[in-house]
Structures are given as structure tokens and as C-alpha cells.
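Take a look at the structure set out below.
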Amino acid sequence: RPENPINTLIQENCLAKSAMSVVFGGLMGFVFGFMFSPQANMVDPEEAAKGSTRQQVVRHFRTVGKAGMRSARNFAVVAGVFSGSECALEKVRGTHDMYNALISGCFTGG
């Protein structure tokens, strides 16, 4: 059975691996930011009660959306740096082992 060229591209090309990590890291970051931002963005109850119910809901989703985008940006950067450095280390060292991930994690800042 022949190999799928898309799988081969993703497995062998560092740029493709990094791009895929940026996209999926950004999606995961947005979900985390969207889910956890209501707990982090506690506002004054009197301030939150201003306006109609529709205005309050719109204000809430704008705030949560901004937090989701901030988190998405951060996750995307970290995922891209980690994936790119790990792939580059695999190419330079010529091995696929746990030390590549360890060194990449240190390089990424974790």
C-alpha cells in the first residue's frame, strides 16, 4: 500500500510540522481561553448589571473572545517554537529520542 504524500510531508518537513502545531495550538489555546476567562475576568457586579440583557451578553462574549484570542496567540507561539526546535534537533542529531523533546522544552522556555 503506497504512502500518503500528505503524511510524508508532515512527518519529514519541519516547516509543515511547525505550521500544523501553530494551527492546532492556536485552536486549543482559544478553547482554553474561552472556557477559563470568565473566572479570570471577574468584574464589579454593579458594572456588569449596566445595560439590557442583550448588551450584557454581547459585552461578556466580547470579553471572553478577546481572552480566547490572547490565549490562542500564546499557545500558537509556544507550540510553533517547540515543534520547530524539536524537528530541527531531530534533523541535526539524526535521532528520534526523548532528549530532543527535553532540549526543545528548555529552548521554548518551559
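The values are calculated or read from the model by the stated rules, or taken from the named source; none is laboratory data. In this text, all values refer to a predicted model and were calculated from it rather than measured experimentally. Don't worry about glycine lacking a Cβ; one is built from the backbone with ideal geometry, like all the others, and counts go over all protein chains shown. The accessibility values were calculated without ligands, DNA or RNA, using every heavy atom of the protein model including side chains. Shrake-Rupley method; radii C 1.70, N 1.55, O 1.52, S 1.80 Å.
Looking at (1) within 24 Å of Gln11 (Cβ to Cβ); (2) small (Gly, Ala, Ser); (3) within 13 Å of the chain's Cα centre (by Cα), can you tell me which one Ser104 breaks?
(3)
From Met42, Met35, Met28, which residue is modelled with pLDDT of 90 or more and open to solvent by 80 Å² or more (accessible area, probe 1.4 Å)? Lay out the reasoning, then the answer.
Numbers: Met42 fails: modelled with pLDDT of 90 or more; Met35 fails: modelled with pLDDT of 90 or more.
From the options Met42, Met35, Met28, the qualifying one is Met28.
Out of all the residues in the stretch 52-76, which are touching a residue at least 40 places away in the same chain (Cβ under 8 Å) and open to solvent by 60 Å² or more (accessible area, probe 1.4 Å)? Explain how you work it out, then say what you get.
Keep residues of the stretch 52-76 that are touching a residue at least 40 places away in the same chain (Cβ under 8 Å), which gives 71-76.
Answer for the stretch 52-76, where residues must be touching a residue at least 40 places away in the same chain (Cβ under 8 Å) and open to solvent by 60 Å² or more (accessible area, probe 1.4 Å): Arg73, Asn74, Phe75.
If I ask for residues that are open to solvent by 50 Å² or more (accessible area, probe 1.4 Å) and free of Cβ contacts under 8 Å to residues at least 24 places away in the same chain, which ones from the stretch 78-109 would you list?
First pass over the stretch 78-109, keeping only residues open to solvent by 50 Å² or more (accessible area, probe 1.4 Å): 78, 81-82, 91-99, 102-103, 106-107, 109.
Across the stretch 78-109, the qualifying residues are Val92, Arg93, Gly94, Thr95, His96, Asp97, Met98, Tyr99, Leu102, Ile103, Cys106.
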